[in-house]
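Below: the structure, in structure tokens.
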Amino acid sequence: MRIVLLGAPGSGKGTQAEMLKTELKIPHISTGDLLRAAVKAGTPLGLKAKAVMDAGQLVSDDIVLGMLEERLAQPDARAGFILDGYPRNLAQCEALQQLLERLQQPVDVALQLVVPGELIVERLAGRAAEQGRKDDTPETVRERLRVYAEQTAPVAGYYEQQGRLTVLDGVGELREVYQRILSALPRRAA
Ligand code: AP5
């Protein structure tokens with residue numbers, strides 16, 4: 001099954017994808033994680049991406065698409081995938097569509113987790129205190145939410161037009177949200 005997880009920063013995409021990947025036996029592919037790994041490894045790409053990520057802006061479409069293509073070419077992605085953090089603007093929607101057409105692996109469903117802004121700020125403040133992620137400072141969270149509203153929110157409309165979007169309440173206990181996701185999955189998508 002090929003799933004695109006949508007939702008604002010802090011809506012729970014990464015947390016839920018980690019739970020789902022075990023159940024569905026497909027990889028969780030997070031462009032944020034791929035970028036953070038590149039930053040940590042100090043690759044030329046990572047060095048370029050770091051300042052952009054720390055400022056809460058989007059890394060260039062070309063860089064992220066290249067990384068994603070490489071990841072999707074790995075054998076474990078043939079069985080399907082849970083995409084988290086991509087696509088993040090309409091240009092990325094088109095790029096993904098073309099890439100997946102080439103691979104003959106169309107998206108089965110796009111699930112959007114909806115969480116109110118004040119709860120997101122609270123969750124990310126909690127994570128900042130626990131993990132110290134560089135882009136979880138209050139100022140950068142504000143910028144990430146602004147970028148989300150401006151550039152990423154239209155992505156849901158893209159999948160809605162294709163009849164592939166399901167909108168889910170992302171508020172509640174982890175297992176509760178997880179059950180909502182499971183119930184929303186298409187029964188027999190290959
Ligand atoms: P990315 O890593 O994708 O960050 P994000 O979208 O901002 O997502 P988060 O990881 O903050 O949130 P999440 O929805 O995964 O929530 P999580 O489960 O972690 O991107 C980072 C940066 O990389 C971007 O700003 C950009 O610069 C760059 N980038 C990435 N992809 C890109 C792309 N395609 N194009 C260009 N640039 C790109 O949960 C958050 C917190 O809430 C956790 O502490 C968790 O424990 C808690 N939590 C989760 N669910 C619940 C719940 N139900 N109840 C209570 N707490 C909860």
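The values are calculated or read from the model by the stated rules, or taken from the named source; none is laboratory data. Source: prediction; values computed, not measured. Note that each Cβ is placed from the backbone with ideal geometry, even for glycine, and that neighbours are counted across all protein chains shown. Heads up: the accessible areas ignore ligands, DNA and RNA and are worked out on the full protein's heavy atoms, side chains in. Shrake-Rupley method; radii C 1.70, N 1.55, O 1.52, S 1.80 Å.
Quick notes
- Qualifying residue in the range 74-92 (condition: more than 8 Å from the ligand (Cβ to nearest atom), among the aliphatic types (A, V, I, L, M) and free of Cβ contacts under 8 Å to residues at least 12 places away in the same chain): no
- Applying the condition of being in a helix (DSSP H, G or I) and closer than 17 Å to residue 35 by Cβ to the range 128-139 and asking which residue is farthest from the ligand (Cβ to nearest atom) yields 134.
- Among residues of the range 46-64 that are in contact (Cβ under 8 Å) with a residue 24 or more places away in the chain, those with a beta-carbon under 6 Å from a residue that is surrounded by fewer than 17 Cβ atoms within 10 Å (Cβ to Cβ) and among the charged types (D, E, K, R) at least six positions away or on a different chain give the pairs 54/134; 56/143.
Residues are listed down the side, and each one gets a yes or a no for (1) part of a helix (DSSP H, G or I); (2) of a type in the set (Val, Ile, Thr):
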site: 78; (1), (2): yes, no
site: 83; (1), (2): no, no
site: 93; (1), (2): yes, no
site: 97; (1), (2): yes, no
site: 104; (1), (2): no, no
site: 121; (1), (2): yes, yes
site: 124; (1), (2): yes, no
site: 143; (1), (2): yes, no
site: 148; (1), (2): yes, no
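- For residue 132, the conditions (1) surrounded by 13 or more Cβ atoms within 10 Å (Cβ to Cβ); (2) more than 30 Å from residue 1 (Cα to Cα) all hold with the exception of (1).
- Output for the range 94-150, where each listed residue is touching a strand residue (DSSP E or B) at 6+ places or on another chain (Cβ under 6 Å) and acidic (Asp, Glu): 108
- If only residues of the range 31-60 that are open to solvent by less than 30 Å² (accessible area, probe 1.4 Å) and not in a helix (DSSP H, G or I) are counted, the one that is farthest from the ligand (Cβ to nearest atom) is 56.
- Among the residues of the range 7-30, those identified as in contact with a helix residue (DSSP H, G or I) (Cβ under 6 Å, 6 or more places away or on another chain) and away from the ligand (no atom under 13 Å from the Cβ) are 26, 27.
- Looking only at residues in the range 140-161 that are in contact (Cβ under 8 Å) with a residue 12 or more places away in the chain and away from the ligand (no atom under 13 Å from the Cβ), the one that is surrounded by the fewest Cβ atoms within 10 Å (Cβ to Cβ) is 154.
- Residue list for the range 140-159, restricted to those being hydroxyl-bearing (Ser, Thr, Tyr) and out of contact with any Gly (no Cβ under 7 Å at 6 or more places or on another chain): 148, 152, 158, 159
- Residues of the range 162-190 classified as open to solvent by 20 Å² or more (accessible area, probe 1.4 Å), hydroxyl-bearing (Ser, Thr, Tyr) and touching a residue at least 24 places away in the same chain (Cβ under 8 Å), total: 1
- Residue 64 satisfies every condition listed in (1) in contact with a Ser or Thr (Cβ under 6 Å, 6 or more places away or on another chain); (2) open to solvent by 30 Å² or more (accessible area, probe 1.4 Å) except (2).
- Summed over the range 83-113, residues that are open to solvent by 30 Å² or more (accessible area, probe 1.4 Å) and farther than 13 Å from residue 152 by Cβ total 9.
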